[in-house]
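A.B. asks: Here it is: the structure, laid out below.
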Amino acid sequence: MNKNYQLLKISKYLSYHLRHHPEEIGLELEPGGWVAVVALLAAAQAHQFPITPAELELVVETSNKQRFSFDSTGTRIRANQGHSIPIDLQLDSSCPPEILYHGTGHHAVESILAHGLQKRARHHVHLSSDRDTAKQVGTRQGKPVIFTIKAAEMHQNGHLFYCSDNGVWLVDEVPPEYLVLG
Ligand code: HQG
(Lines give C-alpha, C1' and ligand atoms only; values in the text may rest on other atoms or scores of the structure.)
Protein backbone atom coordinates (compact mmCIF):
# COMPACT_ATOMS: atom_id res chain seq x y z
CA MET A 1 0.00 0.00 0.00
CA ASN A 2 1.17 3.53 -0.78
CA LYS A 3 2.96 4.87 2.30
CA ASN A 4 1.23 8.28 2.35
CA TYR A 5 -2.13 6.60 2.05
CA GLN A 6 -1.26 4.30 4.95
CA LEU A 7 -0.27 7.29 7.11
CA LEU A 8 -3.48 9.12 6.20
CA LYS A 9 -5.50 6.06 7.23
CA ILE A 10 -3.68 5.94 10.56
CA SER A 11 -4.24 9.67 11.10
CA LYS A 12 -7.97 9.26 10.51
CA TYR A 13 -8.07 6.24 12.81
CA LEU A 14 -6.34 8.26 15.54
CA SER A 15 -8.63 11.27 15.04
CA TYR A 16 -11.69 9.06 15.34
CA HIS A 17 -10.57 7.30 18.51
CA LEU A 18 -8.65 10.07 20.29
CA ARG A 19 -11.27 12.77 19.60
CA HIS A 20 -14.58 10.96 19.45
CA HIS A 21 -14.76 7.24 20.28
CA PRO A 22 -11.92 5.84 22.44
CA GLU A 23 -14.37 3.39 24.01
CA GLU A 24 -14.85 1.56 20.70
CA ILE A 25 -11.38 0.09 21.10
CA GLY A 26 -11.60 -0.17 24.88
CA LEU A 27 -9.59 2.97 25.68
CA GLU A 28 -10.29 5.57 28.32
CA LEU A 29 -8.60 8.92 27.93
CA GLU A 30 -6.77 10.41 30.90
CA PRO A 31 -7.31 14.03 31.95
CA GLY A 32 -6.02 16.27 29.19
CA GLY A 33 -7.04 13.70 26.58
CA TRP A 34 -3.91 11.61 26.99
CA VAL A 35 -3.58 7.88 26.47
CA ALA A 36 -0.53 5.68 27.00
CA VAL A 37 1.15 4.89 23.69
CA VAL A 38 1.52 1.20 24.63
CA ALA A 39 -2.21 1.02 25.44
CA LEU A 40 -3.13 2.67 22.14
CA LEU A 41 -0.93 0.35 20.08
CA ALA A 42 -2.24 -2.70 21.94
CA ALA A 43 -5.86 -1.61 21.48
CA ALA A 44 -5.37 -0.95 17.77
CA GLN A 45 -3.68 -4.33 17.33
CA ALA A 46 -6.51 -6.06 19.19
CA HIS A 47 -9.01 -4.37 16.86
CA GLN A 48 -7.36 -5.46 13.63
CA PHE A 49 -5.67 -2.14 12.97
CA PRO A 50 -2.00 -2.74 13.83
CA ILE A 51 0.17 0.36 13.98
CA THR A 52 3.92 0.17 14.52
CA PRO A 53 5.65 2.61 16.89
CA ALA A 54 7.59 3.97 13.89
CA GLU A 55 4.36 4.62 11.96
CA LEU A 56 2.85 6.38 14.96
CA GLU A 57 5.88 8.64 15.27
CA LEU A 58 5.74 9.42 11.57
CA VAL A 59 2.06 10.36 11.74
CA VAL A 60 2.66 12.68 14.70
CA GLU A 61 5.65 14.27 12.96
CA THR A 62 4.18 14.64 9.51
CA SER A 63 0.50 15.45 10.17
CA ASN A 64 -0.01 18.60 8.11
CA LYS A 65 -2.02 20.16 10.92
CA GLN A 66 -0.04 18.68 13.81
CA ARG A 67 -3.19 17.00 14.99
CA PHE A 68 -1.44 14.86 17.63
CA SER A 69 1.26 15.32 20.28
CA PHE A 70 3.33 13.09 22.48
CA ASP A 71 3.80 14.30 26.06
CA SER A 72 7.24 15.38 27.23
CA THR A 73 8.18 11.81 28.16
CA GLY A 74 7.03 10.40 24.81
CA THR A 75 4.96 7.75 26.58
CA ARG A 76 1.53 9.33 26.09
CA ILE A 77 -0.26 10.74 23.05
CA ARG A 78 -3.30 12.96 22.51
CA ALA A 79 -5.24 14.79 19.82
CA ASN A 80 -4.45 18.50 20.09
CA GLN A 81 -8.02 19.64 19.43
CA GLY A 82 -11.25 18.70 17.68
CA HIS A 83 -12.79 16.52 20.40
CA SER A 84 -16.48 15.81 20.74
CA ILE A 85 -16.09 13.84 23.99
CA PRO A 86 -15.86 15.84 27.22
CA ILE A 87 -12.13 16.32 27.65
CA ASP A 88 -10.50 19.20 29.46
CA LEU A 89 -7.41 19.93 27.39
CA GLN A 90 -5.99 21.85 30.37
CA LEU A 91 -5.08 24.80 28.21
CA ASP A 92 -4.57 28.22 29.74
CA SER A 93 -6.66 30.95 28.22
CA SER A 94 -4.63 33.48 26.30
CA CYS A 95 -4.89 36.79 24.53
CA PRO A 96 -5.88 36.31 20.87
CA PRO A 97 -4.67 38.42 17.95
CA GLU A 98 -6.81 41.36 16.88
CA ILE A 99 -8.49 39.33 14.16
CA LEU A 100 -9.15 35.62 13.66
CA TYR A 101 -10.82 33.75 10.79
CA HIS A 102 -13.41 31.03 10.37
CA GLY A 103 -14.12 29.19 7.12
CA THR A 104 -17.43 27.54 6.44
CA GLY A 105 -19.80 26.61 3.60
CA HIS A 106 -22.00 29.22 1.93
CA HIS A 107 -25.14 27.35 3.02
CA ALA A 108 -24.36 28.20 6.68
CA VAL A 109 -23.93 31.95 6.23
CA GLU A 110 -27.48 33.08 6.93
CA SER A 111 -27.76 31.05 10.10
CA ILE A 112 -24.32 32.15 11.33
CA LEU A 113 -25.15 35.82 10.75
CA ALA A 114 -28.35 35.36 12.74
CA HIS A 115 -27.10 33.16 15.58
CA GLY A 116 -23.33 33.57 15.60
CA LEU A 117 -20.83 30.71 15.45
CA GLN A 118 -21.78 27.79 17.64
CA LYS A 119 -19.62 24.83 18.58
CA ARG A 120 -22.06 22.20 17.33
CA ALA A 121 -20.73 18.69 17.97
CA ARG A 122 -17.27 19.82 19.08
CA HIS A 123 -16.03 21.36 22.33
CA HIS A 124 -15.30 24.74 20.86
CA VAL A 125 -15.69 26.90 17.81
CA HIS A 126 -12.44 26.59 15.82
CA LEU A 127 -10.74 29.71 14.52
CA SER A 128 -7.48 30.25 12.66
CA SER A 129 -5.02 33.09 12.63
CA ASP A 130 -4.64 33.00 8.86
CA ARG A 131 -7.15 33.32 6.09
CA ASP A 132 -5.69 30.45 4.01
CA THR A 133 -6.34 27.87 6.73
CA ALA A 134 -9.90 29.15 7.15
CA LYS A 135 -10.38 28.82 3.40
CA GLN A 136 -9.17 25.21 3.47
CA VAL A 137 -11.56 24.39 6.33
CA GLY A 138 -14.44 26.01 4.44
CA THR A 139 -13.58 24.15 1.25
CA ARG A 140 -14.56 20.91 2.99
CA GLN A 141 -18.13 22.16 2.61
CA GLY A 142 -18.05 23.22 -1.02
CA LYS A 143 -17.63 26.85 -1.95
CA PRO A 144 -15.85 28.38 1.07
CA VAL A 145 -16.98 31.51 2.86
CA ILE A 146 -14.70 33.30 5.30
CA PHE A 147 -15.77 35.18 8.40
CA THR A 148 -13.46 37.68 10.09
CA ILE A 149 -13.81 37.65 13.86
CA LYS A 150 -13.11 40.68 16.07
CA ALA A 151 -11.20 38.52 18.51
CA ALA A 152 -9.46 41.21 20.56
CA GLU A 153 -12.75 43.00 21.11
CA MET A 154 -14.43 39.75 22.18
CA HIS A 155 -11.56 39.08 24.57
CA GLN A 156 -11.83 42.59 26.04
CA ASN A 157 -15.49 41.88 26.65
CA GLY A 158 -14.74 38.76 28.67
CA HIS A 159 -14.77 35.87 26.18
CA LEU A 160 -12.05 33.31 26.91
CA PHE A 161 -9.77 32.16 24.08
CA TYR A 162 -7.49 29.12 24.10
CA CYS A 163 -4.74 28.28 21.65
CA SER A 164 -4.27 24.54 21.10
CA ASP A 165 -0.82 22.98 20.74
CA ASN A 166 -1.22 23.11 16.97
CA GLY A 167 -2.19 26.77 16.82
CA VAL A 168 -5.96 26.44 16.42
CA TRP A 169 -7.82 29.12 18.40
CA LEU A 170 -10.72 27.80 20.44
CA VAL A 171 -13.65 29.72 21.90
CA ASP A 172 -17.08 28.77 23.25
CA GLU A 173 -19.04 30.84 20.74
CA VAL A 174 -18.82 33.90 18.54
CA PRO A 175 -21.90 36.11 18.89
CA PRO A 176 -23.03 37.78 15.64
CA GLU A 177 -21.85 41.27 16.64
CA TYR A 178 -18.21 40.14 16.43
CA LEU A 179 -18.52 38.64 12.94
CA VAL A 180 -17.82 40.29 9.62
CA LEU A 181 -18.47 38.41 6.40
CA GLY A 182 -15.38 38.36 4.20
C1 HQG B 1 -20.88 25.60 11.31
C2 HQG B 1 -11.04 20.11 10.94
C3 HQG B 1 -24.95 27.12 10.89
C4 HQG B 1 -19.41 25.94 11.24
C5 HQG B 1 -11.03 21.48 10.33
C6 HQG B 1 -18.85 24.63 10.72
C7 HQG B 1 -11.02 22.40 11.52
C8 HQG B 1 -22.93 26.86 11.90
C9 HQG B 1 -19.80 23.58 11.28
C10 HQG B 1 -11.73 21.60 12.55
C11 HQG B 1 -23.32 27.73 12.95
C12 HQG B 1 -19.18 22.76 12.38
C13 HQG B 1 -13.08 22.16 12.87
C14 HQG B 1 -24.61 28.30 12.88
C15 HQG B 1 -21.29 27.09 13.33
N16 HQG B 1 -25.40 27.96 11.85
N17 HQG B 1 -23.74 26.55 10.88
N18 HQG B 1 -25.06 29.14 13.82
N19 HQG B 1 -22.27 27.84 13.82
N20 HQG B 1 -21.66 26.48 12.16
O21 HQG B 1 -16.34 20.32 11.64
O22 HQG B 1 -14.72 24.63 12.22
O23 HQG B 1 -8.95 18.10 9.76
O24 HQG B 1 -17.36 20.93 13.89
O25 HQG B 1 -19.17 27.02 10.38
O26 HQG B 1 -9.94 21.65 9.47
O27 HQG B 1 -15.61 23.25 10.26
O28 HQG B 1 -10.45 17.35 11.61
O29 HQG B 1 -16.04 22.63 12.68
O30 HQG B 1 -18.89 24.59 9.32
O31 HQG B 1 -9.77 22.77 11.98
O32 HQG B 1 -8.13 18.18 12.09
O33 HQG B 1 -20.92 24.29 11.81
O34 HQG B 1 -11.88 20.28 12.01
O35 HQG B 1 -9.80 19.74 11.38
O36 HQG B 1 -18.27 21.89 11.76
O37 HQG B 1 -13.80 22.35 11.67
P38 HQG B 1 -16.99 21.33 12.52
P39 HQG B 1 -15.06 23.30 11.63
P40 HQG B 1 -9.30 18.26 11.20
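The values are calculated or read from the model by the stated rules, or taken from the named source; none is laboratory data. These figures come from a predicted structure and were not determined experimentally. Cβ atoms come from the backbone with ideal geometry, glycine included; neighbour counts cover every protein chain shown.
A.B. asks: Which one is nearest to Glu177 (Cα to Cα) among residues in segment 115-134 that are out of contact with any strand residue (DSSP E or B) (no Cβ under 7 Å at 6 or more places or on another chain) and within 7 Å of the ligand (Cβ to nearest atom)?
C.D. replies: Ranking the qualifying residues of segment 115-134, first place goes to His115.
A.B. asks: So for segment 103-121 (the condition being surrounded by 15 or more Cβ atoms within 10 Å (Cβ to Cβ), farther than 30 Å from Trp34 by Cα and β-branched (Val, Ile, Thr)), does at least one residue qualify?
C.D. replies: Yes, some residue in segment 103-121 is surrounded by 15 or more Cβ atoms within 10 Å (Cβ to Cβ), farther than 30 Å from Trp34 by Cα and β-branched (Val, Ile, Thr).
A.B. asks: Hey, another quick one. For Ala36, are the conditions met, namely being closer than 16 Å to Leu7 by Cα, in contact (Cβ under 8 Å) with a residue 40 or more places away in the chain and in contact with a Ser or Thr (Cβ under 7 Å, 6 or more places away or on another chain)?
C.D. replies: Values: closer than 16 Å to Leu7 by Cα: no; in contact (Cβ under 8 Å) with a residue 40 or more places away in the chain: yes; in contact with a Ser or Thr (Cβ under 7 Å, 6 or more places away or on another chain): yes.
It is false that Ala36 is closer than 16 Å to Leu7 by Cα, in contact (Cβ under 8 Å) with a residue 40 or more places away in the chain and in contact with a Ser or Thr (Cβ under 7 Å, 6 or more places away or on another chain).
A.B. asks: Something else: Identify the residue in segment 134-182 that is on the phi > 0 side of the Ramachandran plot and modelled with pLDDT under 95 and, among all such residues, is surrounded by the fewest Cβ atoms within 10 Å (Cβ to Cβ). Spell out how you get there, then give the answer.
C.D. replies: Initial filter on segment 134-182 (on the phi > 0 side of the Ramachandran plot): 142, 158, 167, 182.
Imposing the further condition that a residue be modelled with pLDDT under 95 reduces the set to 142, 167, 182.
Working: Gly142: 11, Gly167: 14, Gly182: 6.
Once the filter is applied, the top-ranked residue is Gly182.
A.B. asks: Here is a follow-up. Which residues, counting only those in segment 137-161, are near the ligand (Cβ under 9 Å from one of its atoms) and in contact with a strand residue (DSSP E or B) (Cβ under 7 Å, 6 or more places away or on another chain)?
C.D. replies: Across segment 137-161, the qualifying residues are Val137, Gly138, Gln141, Val145, Phe147.
A.B. asks: Residue by residue through segment 66-93, note down the ones that are among the small types (Gly, Ala, Ser), assigned to a strand (DSSP E or B) and more than 15 Å from the ligand (Cβ to nearest atom).
C.D. replies: Taking segment 66-93 and keeping what is among the small types (Gly, Ala, Ser), we get 69, 72, 74, 79, 82, 84, 93.
Within this subset, residues satisfying the condition of being assigned to a strand (DSSP E or B) are 69, 79, 93.
Result: Ser93, single match.
A.B. asks: Let me ask something else about it. In segment 66-82, what count of residues is obtained for those that are surrounded by 18 or more Cβ atoms within 10 Å (Cβ to Cβ) and without any contact (Cβ under 8 Å) to a residue 40 or more places away in the chain? Spell out the reasoning first.
C.D. replies: Step one: of segment 66-82, the residues surrounded by 18 or more Cβ atoms within 10 Å (Cβ to Cβ) are 67-69, 76-82.
Checking which are without any contact (Cβ under 8 Å) to a residue 40 or more places away in the chain leaves us with none.
Residues that pass the stated criteria total 0.
A.B. asks: Do we find that Ser164 is within 9 Å of the ligand (Cβ to nearest atom) and under 12 Å from the mean Cα position of the chain (by Cα) in this structure?
C.D. replies: Values: within 9 Å of the ligand (Cβ to nearest atom): no; under 12 Å from the mean Cα position of the chain (by Cα): yes.
Judged against the criteria, Ser164 is not a match.
A.B. asks: Ok, one more. Please identify the pairs in which a residue from segment 40-61 that is free of Cβ contacts under 8 Å to residues at least 40 places away in the same chain and more than 15 Å from Lys12 (Cα to Cα) has its Cβ atom under 7 Å from the Cβ atom of a residue that is of a type in the set (Gly, Ala, Ser) and in a loop (DSSP other than H, G, I, E, B), counting only partners at least 6 apart or on another chain.
C.D. replies: From segment 40-61, the pairs are Ala43/Gly26.
A.B. asks: Go through segment 139-153 and give me each residue that's free of Cβ contacts under 8 Å to residues at least 40 places away in the same chain and under 12 Å from Val174 (Cα atoms). Before the answer, list the steps.
C.D. replies: Within segment 139-153, the subset free of Cβ contacts under 8 Å to residues at least 40 places away in the same chain is 139-143, 153.
Residue satisfying the conditions is Glu153 alone.
A.B. asks: So for segment 114-123 (the condition being closer than 23 Å to Asn4 by Cα and of a type in the set (A, V, I, L, M)), does at least one residue qualify? Outline the logic, then answer.
C.D. replies: To start, the set of residues in segment 114-123 that are closer than 23 Å to Asn4 by Cα comprises none.
There is no residue in segment 114-123 that is closer than 23 Å to Asn4 by Cα and of a type in the set (A, V, I, L, M).
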